[in-house]
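Values in this text are rule-based calculations from the coordinates and carry no lab data. Given the structure is predicted, the values throughout are model-derived calculations rather than measurements. So basically every Cβ, Gly included, is an ideal-geometry build from the backbone, and we count neighbours across all protein chains shown.
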Amino acid sequence: MTTSRSILFIGGSGVISHASVARAVTQGHRVTVLNRGRSASRPLPDVETLVADATDHDAVDAALVGREFDVVAQFRAFHPDHVARDVARFAGRTGQYVFISSASAYQKPPAHLPVTESTPLVNPYWQYSRDKIACEDVLVRAVREQGFPATIVRPSHTYDRTLIPTTGGWTDVARMRAGRPVVVHGDGTTQWTLTHTDDFAVGFVGLLGHPLAIGDAFQIMGTHAPTWNQIYTWLADAAGVRAPELVHVASKTIARALPDEGDGLLGDKAHSMVFDCRKLQALVPEFRTTITYDDAAAEQVAWYDAHPEAQRVDAALDAGFDRLVAHAASL
């Protein structure tokens, strides 16, 4: 029987966190979420909601005055100063502080596959990843010097029914349905691990309150690592498009043409990323991949078809894809 714990989720309404909140409730935990209260997601029953912007430290302190929790799960910290503030805020007030880092923090390209928790943390391409590494450094020092009860979690590409994993998201679906080509980075054969948020939640909630998770780091992602060609083809099939036209363009060329996409592409998606999660499974043996993207793509397209207001085509990105397709045709 699961021991009921008081758990604070800072965030709790996002792609990764919402399913974990739901699982924590079904596991019998007493759940509180702290966020801005602006999410379109329906509030879950039996969940206490505290309204504050996670980056407004005074507002967070006011919302949490006098409160203690068995577990604090921090989904909304992206800078080391924020984590240092959390260490001061929650020292002596929680039995476990769980920080959501990122698998993008791992060495790019990785020297060895599969990636494990001991793979070096170094990413020269993406500031987001370097900031996550700096956040981890703050926690490692706090564990060593103060005995702060931190656990670090590194998810990879985690998605739900709304988060299409391709570069263009819904813009790619619209292009395929219109009979237009879509741009795929590289030659499309690199492997990319995709993890459904419901599967992530099993591993994540299994670590909450686990005594052997204190002071350690765990990566949480499944074993499903299709190629990008497969991902785009499955998405096209879900959208009712047979034999989509995939135009392969070098990642560096895409990064130059679409600077907003460049850091995440060169710093993460351009590389084959396959992971070994045996460390997590030793503590949470029920964790495994149950949802693969060949099935989940259909769920995503069905959701967007039922929500036309969400079918937003990014005009600038769409035009950028056209330029890249034209460039590729000229070579």
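So the values come out like this:
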item: Size of electric dipole in the chain: Cβ of Lys, Arg +1 and of Asp, Glu -1, about Cα centre, debye, nearest 20; result: 240
item: Long-range HN-HN contacts of THR49 with modeled amide H, under 5 Å; result: VAL33
item: Within straight-line cross-link reach of LYS132, aspartates and glutamates at Cα separation under 14 Å, skipping those fewer than 8 residues along the same chain; result: ASP81, ASP268
item: ³J(HN,Hα), Karplus 6.51/-1.76/1.60, whole Hz, each residue of region 237-249, x for Gly, Pro; result: 4, 5, 8, x, 10, 9, 6, x, 8, 9, 9, 8, 10
item: Point-to-point label distance, LYS279-GLN230, nm (Cα→Cβ direction, 7 Å offset); result: 2.5
item: Helix 197-207 vs. the chain, principal-axis angle (Cα, 0 to 90°, nearest 10); result: 30
item: Unit charges on C-beta of K, R, D, E only; dipole of region 1-106, Debye; result: 260
item: THR289/THR55 FRET efficiency (R0 41 Å; Cβ-Cβ; nearest 0.05); result: 0.75
item: Kirkwood hydrodynamic radius of region 179-331, Cα pairs, Å; result: 17.6
item: For PHE218, distant residues with modelled amide H under 5 Å away; result: ILE152, VAL153, ARG154
item: Residue-span extension gain [THR26 to ASP46] - 0.36 nm each, minus C-alpha spacing; result: 6.2 nm
item: Computed lengthening from ASP305 to LEU113, 0.36 nm per intervening residue step minus Cα-Cα distance; result: 65.3 nm
item: Share, in percent, of DSSP beta bridges within region 144-286 that are antiparallel, nearest 5; result: 10
item: Helix-only CD estimate at 222 nm, as mean residue ellipticity for the chain, using -39500 (n - 2.57) per DSSP H run (n ≥ 4); result: -11500 deg cm²/dmol
item: Alpha-carbon Rg with Dmax, taken over the chain, Å; result: 20.3, 65
item: Of all DSSP beta bridges in the chain, antiparallel share, percent nearest 5; result: 5
item: Ranked list, fewest to most other Cβ atoms within 10 Å of each Cβ, for HIS271, HIS157; result: HIS157, HIS271
item: Dipole moment magnitude, nearest 20 debye, region 204-307 about Cα centre, only Lys, Arg, Asp, Glu C-beta charged; result: 320
item: Whole-number Å³ per residue for the convex hull built on Cα positions in region 1-97; result: 96
item: Charge dipole of the chain about the Cα centre (unit charges at C-beta), most positive-ward option of THR190, GLY168, ILE254; result: THR190
item: Net charge of neighbours whose Cβ lies under 10 Å from the Cβ of ALA59, counting Lys and Arg as +1 and Asp and Glu as -1; result: -3
item: Per-residue HN-Hα couplings for region 222-228 [Karplus 6.51, -1.76, 1.60; θ = phi - 60°; Hz; x = Gly/Pro]; result: x, 9, 7, 10, x, 7, 5
